[in-house]
Structures are given as C-alpha cells and as structure tokens.
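The values are calculated or read from the model by the stated rules, or taken from the named source; none is laboratory data. Predicted model only: the values in this text are computed from it and were never measured. Glycine gets a Cβ as well: all are built from the backbone with ideal geometry, and neighbour counts include every protein chain shown. All accessible areas refer to the heavy atoms of the entire protein, side chains included, with ligands and DNA or RNA removed. Shrake-Rupley method; radii C 1.70, N 1.55, O 1.52, S 1.80 Å.
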Amino acid sequence: MSQNKVKVGVLGATGTVGQRFIQLLQGHPWFNLTALCSSSRTAGKPYSEACNWIIGENMPEHLRDTILLSCEPGPECDIVFSALPAESATEIEMAFANAGYIVCSNARSYRYEMDVPLLIPEVNPEHMQLVDVQRRGRDWKGFITTNPNCSTTHLVSALHPLHEKFGIKKVFVSTMQAISGAGYPGVSSMDILDNVVPYISGEEEKMEEKEPQKLLGKFNGSGIDYADILVSAHCNRVPVLDGHLETVSIEFDSKPSEADILAAWREYNPLPQQLNLPNAPEPAVIYMDAPNRPQPRLDRMAGSVPGMATTVGRLRPDPIFDYKFVILGHNTIRGAAGGSLLNAELLLAQGYLGEEAAALADSRIVE
Ligand code: NAP
C-alpha cells in the first residue's frame, strides 16, 4: 500500500524536533518519509554520521545510510515538516511554499501572519480555511501552516473546552519547561543542573500576546478575530528532560462549578477525535484525580497516543481568580512534531492534499 501514501520530507531532520518527526513517521498509515534535509554543515553526509540521536529508541535502521539533502526545493515529496530554527525557517519555508510544497512548520516565523493558520486541530480546525485566503493573496504554488509554541499548545488545549462553555477572561500561568524545549545541545549543563533559569527568550510574549488569542479567535471569512483574553505568563526552564508543567489560574466570564469544569473536560470530543485521525489522542484532555499529579516523568506519555494528550490535575478554587489547576504536556511530541503531524493529518482528511490523498483517510489504510 505504501505507493499510495503521501510522500513527506523533514527539514531540520538532525535536530531534537526533526528526530521526533522521524520517530513518529515510522509506519504512519498515510505518510511515507522520503527526504531528510539539514544545514550545509551536515548535508551530503549519511544520517547516522550527521545526527546525534538523542531521543528514546534507536535511530531507524533503514535511515542510517540516507544521505542528507540541503534545505532547498527539489525533494520528491508533497509535504515538508519544518523543524528549522526561525532564523533560517523564514527564507527556507517560503522557498518551499513558493515551489508548491505544503509546509507544516514548528518555527515561529509565519505563526502570526494574518493569512497563515496557527493550528491545534482540536481547538481551531476551521482556521484551516486561512489556507484559501493565503492561496488567493500570495503568489505561492503551495502553502504554509504552523503549530504554536510548545507551552501554548498545552495551555490552550486545556483551556479550549472551558472557553467554549464558560468564556475565559483572564489567565495567569507559570511554566516549568523541560530542557529539550531549547533544542540540542540547548541549555548548558552548568546552567541547568541544580538550578532553575527564570527566563526563556521570547516565550512570555508568545504566551501573553500572540498565540492564545489567535488560537481561540474566530475565523471571519478573511482572517481571525482574536479572542479577548488577558494572559500573564512566567516562563522558567527546569532540569527536566521532556514535558512542560504549567500552573494556571483563570477567571471566567461566567463562573462555573468545579463539577461543570470537570464535565467540560470529560465530555470534550473535538474534530480530530471524531475523525479518528491516526495521531489524535482519545481523550484529548486527561484529568488525573491524584493530588500530586500530573508529573513530567510519570505522565508525559499518558494517553492512547503517547505524548499527544494534555494532562490536567489539581483543580481547586483560587482566592484571587476563580480556579487554579496544573497542566502537563510533552513538548517535542504534542508541543512540536506530533502537533505538526496532526495538522497534516487534518489537512489530508479535509481534502487539502487532493482527492486521492483524502481517500486514504476514508479507507483507513494501515500498513
Ligand atoms: P535544534 O535541535 O537546534 O535543530 C535544528 C535543526 O535545523 C537541525 O537539523 C539543523 O541542522 C537545522 N538547521 C539549523 N540551521 C539551519 C540552516 N541555516 N539551514 C538549514 N537547516 C538548518 O532545534 P529544535 O529544538 O529541533 O527546534 C526546531 C524548531 O522547532 C525551532 O523553530 C523551535 O523553536 C521549534 N520548536 C521546538 C520545540 C522543542 O520542544 N524543542 C517545541 C516547539 C517548537 P544541522 O544538524 O545540519 O545543524
């Protein structure tokens, strides 16, 4: 069946997020990985020589001798998943979109453009229609979609079912972010061992002003009307390998009971779960009753698709806001590569890759 699959490539295949893409694409029912691309530093080398594989399990054996390509349009594939740093993504992603590729990006470069979807498929699948706006307004043969920053992804995933039902006015969030969020080699061990670094460049701005409001906004036919939510964020780097923990306090437009909030999470059944997309976790939001959970080491892989769910716990009244609770999510899986992959699955299921590809979703082809 693999000849029917959609061919995909990874830009930045040697990095932390690039490796996750490669791991998650192994045996994917709809996508066939055909191209690995990297910087001029490593392009031309076999993958096993250029890549310091740092995530769990082994580097896929059949990719060890694959020669890395440079990040230029040319590879025979329809989608490129971008795990590039923003500094290089701006130019490279545009070159791929211009040349006709569908770019599913993790970088921040295009997230805030008015005609580029910033997507969490459970939260705002209707924003995918920005692709049509983008196609009309730009001279590209392909298009770009993006997923949010890793902390925002899990914050907004937990807030969405509550915002839909009760309206959220104010959010106060403190993050404890894993070191894999800084890429490889990332934060120096001398800086992070026995320590907490109370600053992550650019992170608070993304969480406070740029991403939750766009994600929870409404598509108006030509753009997004941003949600009117006030967010205050403190972002900290902590000595955890994977999994961002966030403590959150919220104030609602109309204050629900604790039981109402728990019911909203429990009954949440958004589009990717209804469509049974291959990487859609069931449920999307997990509530843990134990008073000392969720915890990164124990719970970052919780759920039906490891690393793809958002886990919540410790819901309780807040003496300043209405309620407070704890959120945990995997940063390089759902917060990066897995989020992008789910975007691509939604694109395919909604016909953005053409009818033949959409038939894969209908027939649920499995290797
Ligand atoms: P990383 O570990 O530093 O990897 C960067 C990758 O990009 C490497 O494959 C590198 O190739 C390649 N690259 C660097 N400069 C390049 C250039 N000028 N041209 C072509 N390729 C180049 O970074 P990461 O943590 O995987 O992050 C990748 C992107 O995802 C970033 O935009 C980041 O903000 C975003 N993101 C990361 C996370 C996370 O949890 N880590 C979460 C959400 C979003 P070489 O090996 O050849 O240098």
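Among the GluC sites (Glu not before Pro) in the range 237-301, which ones are in a DSSP loop with at most 15 other Cβ atoms within 10 Å of the Cβ? Mind listing them? Mind showing how you got there, number by number?
Details: sites: 246, 251, 258, 267; in loops: 267.
Answer in residue order: 267.
Let me see the pair-distance distribution of the range 1-131: every alpha carbon pair, 10 Å bin width, integer percents in order.
Calculated over all Cα pairs of the range 1-131, the distribution is 12, 43, 35, 10, 0 percent.
So for the range 272-323, taking the charge dipole from beta-carbon charges (+1 Lys/Arg, -1 Asp/Glu), which of 310, 274, 292 sits furthest toward the positive end?
292
Let me have the 222 nm mean residue ellipticity of the chain computed from DSSP H runs of 4+ only, each contributing -39500 (n - 2.57), with the sum over all residues rounded to the nearest 500.
Details: 12 runs with 98 residues, N = 367.
After summing the helix terms and dividing by residue count, I get -7000 deg cm²/dmol.
What's the extension gain from residue 266 to residue 94 if we count 0.36 nm per residue and subtract their Cα-Cα distance?
Numbers: separation 172, 0.36 × 172 = 61.92 nm, distance 4.01 nm.
Difference between extended and current length: 57.9 nm.
Could you give the accessible area per residue of the chain, probe 1.4 Å, as a whole number in Å²? Please report the intermediate quantities before stating the final value.
On the way: 15360 Å² over 367 residues.
Computed with neighbouring chains in place, this is 42 Å² per residue.
Taking the chain as a Gaussian network, Cα atoms linked when under 10 Å apart, which of 217, 307, 186 shows the biggest mean-square fluctuation?
Of 217, 307, 186, the Gaussian network model singles out 186 as fluctuating most.
Picking from 158, 229, 15, whose Cα lies most toward the positive end of the charge dipole for the chain (charges on Cβ: Lys, Arg +1; Asp, Glu -1)?
So the residue we want is 15.
Give me P(r) over the range 90-146, computed from all C-alpha to C-alpha distances, binned every 5 Å, as integer percentages.
In whole percents, the pair-distance histogram is 4, 22, 33, 27, 11, 3.
Identify, among 84, 53, 99, the residue whose Cα sits farthest towards the positive end of the charge dipole of the range 4-114, taking +1 on the Cβ of Lys and Arg and -1 on the Cβ of Asp and Glu, with the dipole about the Cα centre.
53
Could the peptides 341-351, 130-140 be put in order, highest first, of the mean number of other beta-carbon atoms found within 10 Å of their residues? Write down the numbers at each step before the final one.
Working: 341-351: 23.2, 130-140: 15.9.
Most protected by this proxy first, the peptides run 341-351, 130-140.
Treat every Asp and Glu Cβ in the chain as -1 and every Lys and Arg Cβ as +1, leave all other atoms uncharged, and give the resulting dipole magnitude about the Cα centre to the nearest 20 debye. Write out the running numbers ahead of the final one.
Details: 30 positive and 44 negative charges, 58 e Å.
Dipole of the chain, to the nearest 20 debye: 280 debye.
Using square roots of five times the C-alpha gyration tensor eigenvalues, list the equivalent-ellipsoid semi-axes of the range 244-336 in whole Å, biggest first. List each step's numbers first, then the result.
On the way: eigenvalues 108, 54, 23 Å².
Value: 23, 17, 11 Å, ordered largest first.
Keeping all protein chains in the complex and leaving out DNA, RNA and ligands, what accessible area do you get for residue 226 with a 1.4 Å probe, in Å² to the nearest 10?
The value for residue 226 is about 90 Å².
Could you check the spin-label model distance between residue 320 and residue 201? Points 7 Å from the Cα along Cα→Cβ, value in nm.
That separation, rounded to one decimal, is 2.9 nm.
Would you report the distance distribution of C-alpha pairs in the range 1-77 as whole percents per 10 angstrom bin, up to the bin with the largest distance?
20, 55, 24, 1
About its Cα centre, how strong a charge dipole does the range 18-112 have in debye, to the nearest 20, once Lys and Arg get +1 and Asp and Glu get -1 at the Cβ?
Working: 6 positive and 10 negative charges, 51 e Å.
Approximately 240 debye in magnitude.
Restricting things to Cα coordinates, could you compute the convex hull volume per residue of the range 257-301 in Å³? Don't skip to the end; give the middle numbers.
Numbers: hull volume 3.4 nm³, N = 45.
That works out to 75 Å³ per residue.
Explain nothing, just the number: dipole magnitude of the range 218-298 about its Cα centre with +1 on each Lys and Arg Cβ and -1 on each Asp and Glu Cβ, in debye rounded to the nearest 20.
Details: 6 positive and 11 negative charges, 63 e Å.
The calculated dipole for the range 218-298 is roughly 300 debye.
With the convex hull built on the Cα atoms of the range 210-367, state its orientation-averaged projected area in nm².
Details: hull surface 46.8 nm².
Average of the hull's projected areas for the range 210-367 equals 11.7 nm².
Kindly state, as a whole number, the per residue volume in cubic angstrom of the convex hull around the alpha carbon atoms of the range 308-367. Let's see the in-between values first.
Values: hull volume 8.2 nm³, N = 60.
Dividing the Cα hull volume of the range 308-367 by its residues yields 137 Å³.
With a/c under 1.5 counting as rounded, go ahead and sort the range 59-167 into rounded, prolate or oblate using the C-alpha gyration tensor (a ≥ b ≥ c being the square roots of the eigenvalues; past the cut-off, prolate if a/b is larger than b/c, else oblate). Intermediate values should be presented prior to the final figure.
Details: a/c = 2.37, a/b = 1.46, b/c = 1.63.
Oblate is the answer for the range 59-167, as a/c is 1.5 or above yet b/c matches or exceeds a/b.
Tell me which lysines have Cα within less than 22 Å of residue 206's Cα, excluding those fewer than 8 residues away on the same chain?
Leaving aside lysines fewer than 8 places away in the same chain, those within reach of residue 206 are 169, 170, 214, 218, 324.
Normalized C-alpha radius of gyration of the range 148-215, against 2.2 N^0.38 Å?
On the way: Rg = 14.2 Å, N = 68, 2.2 N^0.38 = 10.9 Å.
Expressed relative to 2.2 N^0.38 Å, the Cα Rg reads 1.30.
With all pairs of different alpha carbon atoms counted, what Kirkwood hydrodynamic radius in Å does the chain show? Please report the intermediate quantities before stating the final value.
Numbers: mean 1/r = 0.0483 Å⁻¹.
Hydrodynamic radius (Kirkwood, Cα only) of the chain equals 20.7 Å.
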